[in-house]
Every structure is written in C-alpha cells, then in structure tokens.
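Colleague: Structure provided below as structure tokens; questions to follow.
The values are calculated or read from the model by the stated rules, or taken from the named source; none is laboratory data. The shown structure was predicted, so the numbers you read here are calculated from the model rather than taken from an experiment. Positions of Cβ are backbone-derived with ideal geometry, glycine not excepted, and every protein chain shown enters the neighbour counts. When the accessible area is computed, the model is the full protein with side chains, heavy atoms only, and any ligands, DNA or RNA have been set aside. Shrake-Rupley method; radii C 1.70, N 1.55, O 1.52, S 1.80 Å.
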Amino acid sequence: MSCIALSVGLGNVWRFPFTALENGGGAFLVPYLTVLFVVGKPIYYMEMLLGQFSSRGIVQVFDFAPLMRGVGYAQLLALGVLATYYASVMALTLRYFFDSFAAVLPWSYCRPEWGDGCVSAASDGHQPLVGQLSRNFSSSSQLYLQRIVLNETQSLAEHGIGYPSGSLALMLALSWLTVTLIIIRGVKSSGKASYVLALFPYVVMFILLVRSLTLPGAYDGVMYFLTPQWDKLLEPAVWYNAVTQVFFSLAVCFGVIIMYSSYNRFGHNVYRDANIVTTLDTFTSLLSGVIIFGILGNLAYESGTKDIGSVVRAGPGLAFISYPEAIAKFKMMPQIFSLLFFGMLFMLGVGSNVGMVSCIMTVLKDQFVNAKLWLIVVGLSLTGFIVGLIYITPGGQHIVTLLDFHGVTFVSLVSAIFELVAVGWIYGTKRLCQDAEYMLNIKTSKYYRICWSIVTPLVMTVILLYTLFTMRPLSYNGQEFPLPYRVVGWCISAFIIGQLFYWACHANYKQPKGSLKCRISNSVKPHSDWGPLDSKQLIDYQMFRRNQKDVAASGAGLKQRRWLCHSVGDRIFG
C-alpha cells in the first residue's frame, strides 16, 4: 500500500493525461505501454529485490559496489529537491480545497480589474474556447491562478522572485505538518496511513469517472484518447515523453522503493508486489486519462469544436487551470466535485511526499543512530518548509521549472544509468538472479535478465543522449531564464552529479595500498557482510554462494572433460 501511495500520485492524475494530449492522444499509449515493459517493470522489480535482500537504505545498499555509492547520494539530493517543490504543489492543492467551500467557486467568474480579456470559466453556450485561450483572451481560472493565488511575475529579470504569499505559506505549513505527523509515529503508522492514502483517491476517481462519462460529448473525448495515431510513433519526442512519464510515475531510481522494500520480511514475495504496483499504476494512468478526456470531450462539445486538443492550455499549472475550469462548468454541485477532486490531489501528494521524506529520514537515521526519530523528522520538515517558501513567491513557478529540470529530471536520468550499470554489469545480473532465487525460491525469467543487462540501460542511455542533443536554453511561458539563473541551475546539476565521482574517489582512497587497477578492482567488490541483515541468514547465504561457485566450477570441469572425450574419440574413430 505504501508503494501504491508513492507511485500512484500527481504524475498519474495530472501529468499523464496532458502528456498524452500533447503527444496525440491514443498515439501515446503504444510507446507508453511498450516502455513500461522494458523500463518500468524491470527497474521496479530490481529495486524491490535489492532493498528486501539487503535491508539497507538508498546509500548503504551500494555496499554491493562501494565504487558506485555516489549514485545513492545523488539520488538522495534529487529526492530532497523533489520533496520540497512537491510540497508546494500540495500547498496549492490545499488552497483550492479551502476555496471550494465558497458559495460560488472563486475561479468561475471574472473580476472587473481583469478587463475585457477575461472569459468566465463557468460561461454557458457554444463559445470558441480556442480563441478564449489564445493570446488575446484568458479564462477566469487561468487569471485566478496567476493574479490572485500566485500573483505571478512575468519576468525574473525585471521583477525577481518576490516575497512568499502569506496564505500559501500557511497551506505549505499544513502540508508539512501532515507529512510530519504521519512519519513521526514510525513506519508502522505510515503503513496504516497508506491504506487511506492509497484507496481514497480511487473512490474519488470512480465518482469522477461516472460523472465525466455522463457529460455530453464525453464519448468523442474518450475515443480521441483511445484511438492510436500511428504516424506519431515515428516521432522521437513521443518515445522520450513515454520514458520520462513511466520513469517518474513509478518513482524508480529515486531510492524510495529500495527504502520501502528494506522493511519487508526476508522472503516476502516482491515479484508479486512489483507486478501488482506497476499494473495498478498503469491502470490508474489509463483511468485518469479516460476521466480527463471525457471532460475535454464535454468542453469541446460546449465550445462548438471537434478539435479535442485545442480546448485546453498546456503548462505547469494545468491541474489548477484546466481541471478547475472543467469543474466550474458542472451544472450540479460543482463545489462537491471540487472538494473531492482537490482532496484527492492532496491525498496523492501526501502519499508520495511521505515516501520521499521517509527515504531521506532513513539515511540520516543510519548515519546518526542515537538521534531521536522525531528530531530528524521535525528538522527535515522545517528545512523543507523554509526552502519551499521560494516556490510560493511571485516567481516561484519559474524556480519550480528550473529545479525540476536541473535538480531532478536531468540528474535522475544520469544517476539511473549509473545504477543500472552498477547492478547489471558490476554486481552482475547473474548474481542478482541467484540472490532472487535464494530469497524467493523463484528463477528469474529471460525477460528480466535481458532487460537488466542490455535493454533498460540502453534505452535510458538513448534518452539521455536525446536530451543532450535536443537541449535548448530553459524557458518558462516562452521566456528564457536569465543567464544567472541558468548558471545556478547547472551548478546544482554539477553538484549532484559530482557525488558520483567524489564517492568513487573516496571508495578508491579507502582501499588498501596498491596499484590503481588493484584499488578499483577491490572497490567494485561487495563488502564482506553484504547480504541479508540477519546474521544467521547471512551465514546461510554465504554457504549458498559457496555451493553456487562449487556447482559452477564442477559444471565447467564437466564441460572440459566432455570436450576432451569428444576430442580423443574423434582422433581414435576419425
């Protein structure tokens, strides 16, 4: 349930439908499902195996190859960046949740000071929304977000980032307080909370599903989502977006899955769990896609257009522009649907953020064994709150965009490739399969072996190269970031990626004196105590490893004897 609450988050309900919309609707499903099977499932199962087998956190799990310990630290820092701005999205969600108690939804109508360029989100009639959301017109939901909630600045170069919003600071504090109270009771308490965090969103989604499918025009929207456009499959950007969607939706290569599975009992069937979570994550994405495209079909119907892709703006504020606009058009009880929707978004955010903060907390607890748990959690939450204030300033969305790329997306792609190389090539796919057989008594299929060794690292490398070759100066709302901000962004990327090289040098330095080749060779070997955490289990595992080596040696000797017999026989009998 914790893994479901982690993986099923804003990426499914918010990011997936509009990523699909921007990439041709049904055309996106084929690459998405393909990438799920060659990237998502193999990495998810691999990380569950590593965490449960070793009962170690995101950093200590790299005891299997100390040279690669920097991967854990790089993922930890990226996770810290992600957790801070994720909480700011939760703060926005809470703001809209409390706004939903108003007699009239505050984003459904235009204010006089907005002028003639505003079109009411709750307006009736067949009005061309394509024009309304063009350069000359803006919907009331968009202006409400930009001018009232965010008080967004148009240019960082002219106005800077500004000061935090008082109301959003309060919402941010409530968000961190919720996460703190869940974690502070320990992993068993957060495990119980995960039942609510994982199941409640599905109740809301099924309510919204029924409502969206009963709207006029919903059928056309759903068919646009489910009908493939085969010509789109030839566009590299569609495949790139599919990989990044699967990668971040499942939250692989961030260390959280390793952390959660490290609390499992040794021998728990993580093969089954990995299949359940990845399948449910995909189902949730498809479910939210049907809901959203049903609503978009209704918006197109009311707008008098058949172009589903033109009725909604894309961008970082989609969850707080397009969704509220659709809810404002509901004829019956829009407040109830708004409360359910934003309550669901907040639950999804809490479930994911609890996992992220718990992962960071586990690393700190391993480093400071005698420190009290509540002190670590409160310290993390206060730090997250203080850092998060920068995201709720007038220039906050600019900073979110900057750090999302430089502090999370780019560095995570790099660290993911190093993690796959560490497991598949340095530790070895063969040994990982032996560990899985020892722990689960399950032989690993060729599908996983090929993915871990070749396919998944290759796909991730291609995606990284595509990112580098197509990279343009980062921009927000069509405006490039000023040079000082871009420099800061690349410094953050360099610092996080630099962990890979620093800890590799540190591991090499700690080896006994000898040649460089000898030191490197020793630093890629697992620690002597690598294996199950329980001492008796570890001894049994080490005996299992020796037996495996003896069987391999005897098998090699048998092959040699067979070859010799065949060679002698050929010579005698010609």
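Colleague: Which lysines have a Cα lying under 26 Å from the Cα of Lys306, excluding residues fewer than 8 positions away in the same chain?
Modeller: Cα-Cα hits under 26 Å: Lys232, Lys329, Lys331.
Colleague: Could you quote the convex hull projected area for the stretch 177-268, Cα atoms only and averaged over all directions, in nm²?
Modeller: On the way: hull surface 40.2 nm².
Result: 10.1 nm².
Colleague: Would you give the gap between the C-alpha center of the stretch 1-58 and the C-alpha center of the stretch 334-407, rounded to a whole Å?
Modeller: The stretch 1-58 and the stretch 334-407 have Cα centres separated by 20 Å.
Colleague: Give the peptides 219-226, 370-377 in descending order of average Cβ contacts within 10 Å, highest first.
Modeller: Per-residue mean Cβ counts within 10 Å order the peptides as 219-226, 370-377.
Colleague: Of Lys372/Lys525; Lys41/Lys365; Lys430/Lys517, which pairs sit farther than 26 Å apart, going by alpha carbon to alpha carbon?
Modeller: Lys372/Lys525; Lys41/Lys365
Colleague: Where does the stretch 312-396 land on Rg/Rh, using Cα atoms and the Kirkwood Rh?
Modeller: On the way: Rg = 18.2 Å, Rh = 15.9 Å.
Here the Rg-to-Rh quotient is 1.14.
Colleague: Could you work out the mean projected area of the convex hull around the alpha carbons of the stretch 397-532, in square nanometres to one decimal?
Modeller: 11.6 nm²
Colleague: Between Tyr109 and Asn508, 0.36 nm times their residue separation minus their Cα-Cα distance comes to what?
Modeller: Working: separation 399, 0.36 × 399 = 143.64 nm, distance 6.35 nm.
Between Tyr109 and Asn508, full extension yields 137.3 nm more.
Colleague: Two decimals is fine: what's Rg over Rh for the stretch 367-434, C-alpha atoms, Kirkwood radius as Rh? Kindly include the intermediate steps, with their values, before the conclusion.
Modeller: Values: Rg = 18.5 Å, Rh = 15.5 Å.
Rg divided by Rh gives 1.19.
Colleague: Ordered by packing density, taken as the mean number of other Cβ atoms within 10 Å over each peptide's residues, highest first, how do 348-357, 23-32, 110-119 rank?
Modeller: Taking the mean over residues of other Cβ atoms within 10 Å, the ranking is 348-357, 23-32, 110-119.
Colleague: While we're here: Compute the Kirkwood hydrodynamic radius of the stretch 303-446, taking the inverse of the mean of 1/r over all pairs of distinct Cα atoms, and give it in Å to one decimal.
Modeller: 20.4 Å
Colleague: P(r) for the stretch 28-118: what percent of alpha-carbon pairs falls in each 5 Å bin, starting at zero?
Modeller: Over the stretch 28-118, the share of Cα pairs per 5 Å bin runs 3, 10, 10, 11, 12, 12, 11, 9, 7, 7, 5, 4, 1 percent.
Colleague: While we're here: Could you give the C-alpha radius of gyration of the chain expressed as a fraction of 2.2 N^0.38 Å, taking N as the number of residues it contains?
Modeller: Here the answer is 1.06, to two decimals.
Colleague: Cβ neighbours within 10 Å, averaged per peptide: list 12-18, 407-413 in order, most packed at the top.
Modeller: Listed from highest to lowest mean packing, they are 12-18, 407-413.
Colleague: Evaluate the charge dipole of the chain about its Cα centre and quote only its size in Debye, nearest 20, assuming +1 on the Cβ of each Lys and Arg and -1 on the Cβ of each Asp and Glu.
Modeller: The dipole magnitude comes to about 2280 debye.
Colleague: Test of the criteria: in the stretch 446-540, which trypsin sites (Lys or Arg not before Pro) are in a DSSP loop and have at most 14 other Cβ atoms within 10 angstrom of their Cβ?
Modeller: Here the sparse-neighbourhood loop sites are Lys510, Lys513.
Colleague: Would you list the P(r) distribution for the stretch 1-55, with all Cα-Cα distances sorted into 10 Å bins from 0 and each bin expressed as a whole %?
Modeller: 20, 42, 28, 9, 1
Colleague: Separate question: Before I look further, what does the chain give for accessible area per residue, probe 1.4 Å, in whole square angstrom?
Modeller: 44 Å²
Colleague: Additional query: Give the span of the stretch 1-160's Cα atoms along each principal axis, as three whole-Å numbers ordered largest to smallest.
Modeller: 64, 38, 36
Colleague: Sticking with this structure for a sec: How big is D, in µm² s⁻¹, for the stretch 224-294 by Stokes-Einstein at 20 °C and 1.002 mPa s if Rh is the Kirkwood radius over C-alpha pairs?
Modeller: Numbers: Rh = 14.7 Å.
D, rounded to a whole number, is 146 µm²/s.
Colleague: Projected area of the stretch 194-339, taken from the Cα convex hull and averaged over every viewing direction, in nm²?
Modeller: For the stretch 194-339, averaging the hull's shadow over all directions gives 11.0 nm².
Colleague: Here is a further query. Could you work out what % of the accessible surface of the chain is carbon and sulfur, using a 1.4 angstrom probe and leaving DNA, RNA and ligands out of the count?
Modeller: 65 percent
Colleague: Restricting to DSSP H runs of at least four residues, report the calculated mean residue ellipticity at 222 nm for the chain, -39500 (n - 2.57) per run over all residues, nearest 500 deg cm²/dmol.
Modeller: On the way: 25 runs with 368 residues, N = 574.
The helix-only estimate for the chain comes to -21000 deg cm²/dmol at 222 nm.
Colleague: Any idea which of Gly343, Ser358, Gly489 is furthest toward the positive side of the dipole for the chain, if Lys and Arg beta-carbons carry +1 and Asp and Glu beta-carbons -1?
Modeller: Ser358
Colleague: Of Gly25, Ala436, Ser453, which is farthest along the charge dipole of the chain in the positive direction, counting Lys and Arg as +1 and Asp and Glu as -1 at C-beta?
Modeller: Ala436
Colleague: Quick one: net charge around Arg15, please, counting Lys, Arg +1 and Asp, Glu -1 for every other residue with C-beta under 13 Å from its C-beta.
Modeller: That sum, taken over residues with Cβ under 13 Å, equals -3.
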